[in-house]
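Beneath this line is the structure, given in structure tokens, with notes to follow.
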Amino acid sequence: MNISLKLTMKQARCNYCGEYIVKGEPQIKWSWKSRKGWVGKTYYHPDCFIDDRLHSLKINPPATVTKKLGRPISKLTSEQRTLRIKLMKYYSRDKGSPEKQLKLREQIKAVGGVPASWE
Ligand SMILES: [Zn+2]
């Protein structure tokens, strides 16, 4: 796709309003390529081009990106999160005693669940 603005050398018809663009007036030429080479071109008055593009933007608004990259945001509140981190620390500290760890597991289940790697 190639868009250029220059003075008209040869009379052309505007693709938006249908009127002729007279020689010597500014014109916008919009041409595009396929595998075969330059296959299409349209001409516009500079003002008509902007109207045309704004119109097509209204008809086909660009899709809003909803998916974000990175780790998903946790649904826990900040207090729940700090409690969860605290319990996780206790869990790793009490590696020697399985009874304590079992108790902690129950508590962790209440705030966000046990990590999948522990199952
Ligand atoms: Zn026009």
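Magnitude of the charge dipole for the chain, about its Cα centre and with charges confined to Cβ atoms of Lys, Arg (+1) and Asp, Glu (-1), is about 580 debye. In plain terms, the residue of VAL39, VAL114, VAL65 with the fewest other Cβ atoms within 10 Å comes first and the most crowded comes last, giving VAL65, VAL39, VAL114.
Contact order for the chain, expressed relative to its length and based on alpha carbon pairs under 8 Å spaced 6+ residues apart, stands at 16 percent. Separation of segment 2-18 and segment 42-119 by C-alpha centroid, Å? Here the answer is 49 Å between Cα centres.
Taking the helices alone, the chain has a mean residue ellipticity at 222 nm of -11500 deg cm²/dmol, built from -39,500 (n - 2.57) per DSSP H run of at least 4 residues and averaged over all its residues. Size check on segment 33-86: the Cα extents along the three principal axes, sorted descending, read 67, 30, 16 Å. Among THR64, THR77, THR42, the largest mean-square fluctuation in a Gaussian network model of the chain (Cα springs under 10 Å) belongs to THR77.
Of all DSSP beta bridges confined to the chain, the antiparallel ones make up roughly 95%. Between LYS103 and ALA63, full extension at 0.36 nm per residue minus the direct alpha carbon distance yields a gain of 9.6 nm. Take the residue pairs LYS6/LYS36; LYS68/LYS103; LYS29/LYS68; LYS68/LYS95 and return only those whose Cα atoms are more than 32 Å apart. Over 32 Å apart, Cα to Cα: LYS68/LYS103; LYS29/LYS68; LYS68/LYS95. The alpha carbons of segment 78-118 occupy a box of 29, 17, 16 Å along the principal axes, longest dimension given first. Overall, segment 3-67 carries a charge dipole of about 500 debye about its Cα centre when +1 sits on the Cβ of Lys and Arg and -1 on the Cβ of Asp and Glu, all other atoms neutral.
Amide hydrogen proximity for CYS14: with H placed 1.01 Å from N in the peptide plane, the residues at 5 or more positions away or on another chain lying under 5 Å are GLU19, TYR20, ILE21.
If you wrap the tightest convex hull around every Cα atom of the chain and split its volume per residue, you get 214 Å³.
Over segment 2-59, the pair-distance histogram of Cα-Cα distances with 10 Å bins from zero comes to 24, 50, 24, 2 percent, rounded to whole numbers.
Coordinate-derived values only; no laboratory data. None of these values were measured; they are calculated from a predicted model. Here Cβ is always computed from backbone atoms with ideal geometry, including for glycine, and neighbour counts include all displayed protein chains.
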